[in-house]
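What follows is calculated from the coordinates using simple rules that are stated; it is not laboratory data. What you are looking at is a predicted structure, and each value in this text was computed from that prediction instead of being measured. Cβ coordinates were reconstructed from backbone atoms using ideal geometry, including for glycine residues, and neighbour counts include every protein chain displayed.
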Amino acid sequence: MLSNIAARDVETLIHPYTNLATFRDTGPLVLERGHGVWVYDTDGRPYLEGMAGLWCTALGYGNEELVEAAAEQMGRLPFAHLFSGRSHDPAIELAETLKELMPVPTSKIFFTSSGSEANDAQVKLLWYMNNALGRPRKKKIIARKKGYHGVTVATASLTGLPANHADWDLPIDGFLHAACPHHYRGAEPGESEEAFSQRLAAELEAQILAEDPDTVAAFFAEPVMGAGGAIVPPAGYFAAIQAVLDRYDVRLVADEVICGFGRLGTWFGSEALGMRPDTLSFAKALTSGYLPLGGISIDEPLYRAMLDESVKLGGFGHGTTYSGHPVACAVANRALHIYRRDRIVERAAERAPHFQAALARLADHPLVGEARGLGMIGGIEIVADKPSKRQFEPKAAVAARCVAFAQDEGLIVRFLAGDRIAVCPPLVIEPDEIDTLFERLARALDRTA
Ligand code: PLP
């Protein structure tokens, strides 16, 4: 029997990424407030937020400084835009700070309101740039199976997950997918991580050659795959991939929407994994999830092409009403101030070994085929049989049950396609809270077994 508020929800709301059929019986978990790494439902019951909301609330809940930054900007100038040469101080300050922080040569920053919009802008700008450069055939984009880049027509096409393609008539033409760099699932028996990386790079090269390098514009990659299952690439992967991309003048776009701002113990995931992207996308933890804001870095060659197009066409024809929203920018400015003052990225690096050790201990559980992670992100792979790595059917049903038990234990984690569970807590989590998180997850696994 659903509570009154749950019944009202079921009657009125459509929930993203939800089984709309079973949801009618289970109803929602309705949250009301949060503090630190804890959130509370409408009955006052606490849950450890083991997913930082949706991989975003890095600074935890109830951060008064972020609230104050938003309130102050709301009172001063609640809306201003960046169209047609208009500007505002919070966006200028934020672009300056981000330019300093970017791990790639950056000429300018372009703001969006979400990760999907950031990656969508990347796609459009690749097409725009190659038109400006007089190579209109160089438009195809290669992303990876199990990669996640968003839900617009273009970014769902980049995404490599069946749920984003089946019956959506996606991907659209020109979007291709390379193999997922998951050693546990993809390697041949006895194949080392290095050898697996070399093989995937050779496969990518063959794919580019088969398509014709003059038609391939870019390769998109998350440093560590998030929604695909917290998949850490094998040793040597990005070095091998980068060599192929360089050979065929294919740009690398790093999707830092999850890994950006400290998740892997470095400011950006590209740094942790030795990636040399041409541009990168960011969102989520930039505001600690308190307000929607994303963006992309623009390198000098891209900027020059955009300038040329402005001369030719009379302007840069792209932008959304809320991109670079002043209140979101003010919150991001305060969040970045806190990241630096409180050494949030360094502290994430210091806590990561404790987090990873606790995660690794779950690998002994009979249901866990692999427990993997990097920095402050982790994933576990549920299997029916460890030696053969055989999965339960239907896939994800067991992980979903485990996540429901975890919720019952007072822990929020997320199940993902392929019977995987992700863990990605706020970066401000304390060591004893890390222990609580994994004790609760272990109990949930025991109840699932
Ligand atoms: N890219 C990555 C790596 C993501 O994890 C996500 C969302 O989870 C996105 C892009 C899309 O971001 P948004 O949901 O803000 O559109």
Notebook entry, point to check: Does Ser197 satisfy being within 14 Å of the ligand (Cβ to nearest atom) and over 22 Å from Glu300 (Cα atoms)?
Noted result: no
Notebook entry, point to check: Within the group Ala71, Ala6, which residue is within 28 Å of the chain's Cα centre (by Cα) and not in a strand (DSSP E or B)?
Noted result: Ala71
Next item on the list: State all residues of the range 160-174 that are in contact (Cβ under 8 Å) with a residue 24 or more places away in the chain, closer than 23 Å to Leu200 by Cβ and within 15 Å of the ligand (Cβ to nearest atom); if no residue qualifies, say none.
Entry: Gly160, Leu161
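Does Asp246 fit the bill of being in contact with a Lys or Arg (Cβ under 6 Å, 6 or more places away or on another chain), closer than 23 Å to Lys139 by Cα and assigned to a helix (DSSP H, G or I)?
Numbers: in contact with a Lys or Arg (Cβ under 6 Å, 6 or more places away or on another chain): no; closer than 23 Å to Lys139 by Cα: yes; assigned to a helix (DSSP H, G or I): yes.
Here the answer is no, as Asp246 does not meet what is asked.
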Check: Of the conditions (1) of a type in the set (Phe, Trp, Tyr); (2) exposed (fewer than 15 other Cβ atoms within 10 Å of the Cβ); (3) within 16 Å of the ligand (Cβ to nearest atom), Phe111 fails just one. Which one is it?
Finding: (2)
Item checked: Filter result (more than 8 Å from the ligand (Cβ to nearest atom), without any contact (Cβ under 8 Å) to a residue 40 or more places away in the chain and within 12 Å of Trp55 (Cβ to Cβ)) within the range 248-263 -> Gly260
Check: In the range 159-197, which residue that is of a type in the set (Phe, Trp, Tyr) and over 25 Å from Glu381 (Cα atoms) is surrounded by the most Cβ atoms within 10 Å (Cβ to Cβ)?
Finding: Phe175
Next item on the list: Please identify the pairs in which a residue from the range 334-357 that is at positive phi has its Cβ atom under 9 Å from the Cβ atom of a residue that is part of a helix (DSSP H, G or I) and among the charged types (D, E, K, R), counting only partners at least 6 apart or on another chain.
Entry: Arg343/Glu350
Note to self: Restricting to the range 117-158, and then to whatever is within 15 Å of the ligand (Cβ to nearest atom) and without any contact (Cβ under 8 Å) to a residue 24 or more places away in the chain, can you tell me which residue is surrounded by the fewest Cβ atoms within 10 Å (Cβ to Cβ)?
What the structure shows: Val153
Next item on the list: Take the range 390-437 and flag every residue that is farther than 17 Å from Gly53 by Cβ and surrounded by 22 or more Cβ atoms within 10 Å (Cβ to Cβ).
Entry: Val398, Ala399, Cys402, Asp419, Arg420, Ile434
Next item on the list: Being under 26 Å from His325 (Cβ atoms), more than 14 Å from the ligand (Cβ to nearest atom) and not in a loop (DSSP other than H, G, I, E, B) is the filter here, so list the residues in the range 265-278 that pass it.
Entry: none
Checklist line | Matching option when the condition is within 21 Å of Ser288 (Cα to Cα) and not hydrophobic (A, V, I, L, M, F, W, C), among Gly85, Gly44, Gly50 | finding: Gly50
Item checked: Which numbered condition Leu59 fails, given (1) more than 16 Å from the ligand (Cβ to nearest atom); (2) under 21 Å from the mean Cα position of the chain (by Cα); (3) part of a strand (DSSP E or B) -> (3)
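If you go through the range 279-318, how many residues are part of a loop (DSSP other than H, G, I, E, B) and either without any contact (Cβ under 8 Å) to a residue 60 or more places away in the chain or crowded, with 16+ Cβ neighbours inside 10 Å (or both)? Lay out the reasoning, then the answer.
Within the range 279-318, the first condition is being part of a loop (DSSP other than H, G, I, E, B), and the residues that meet it are 283, 288-293, 299, 314-318.
Filter again for either without any contact (Cβ under 8 Å) to a residue 60 or more places away in the chain or crowded, with 16+ Cβ neighbours inside 10 Å (or both), leaving 283, 288-293, 299, 314-317.
Adding up the residues that qualify gives 12.
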Next item on the list: Report, ordered by the first and then the second residue, all pairs with beta carbons closer than 9 Å, sequence separation of six or more or different chains, a first member in the range 420-435 that is farther than 20 Å from Gly289 by Cβ, and a second member that is part of a loop (DSSP other than H, G, I, E, B) and of a type in the set (Gly, Ala, Ser).
Entry: Arg420/Gly228; Arg420/Gly229; Arg420/Ala230; Arg420/Ala396; Ile421/Gly229; Ile421/Ala230
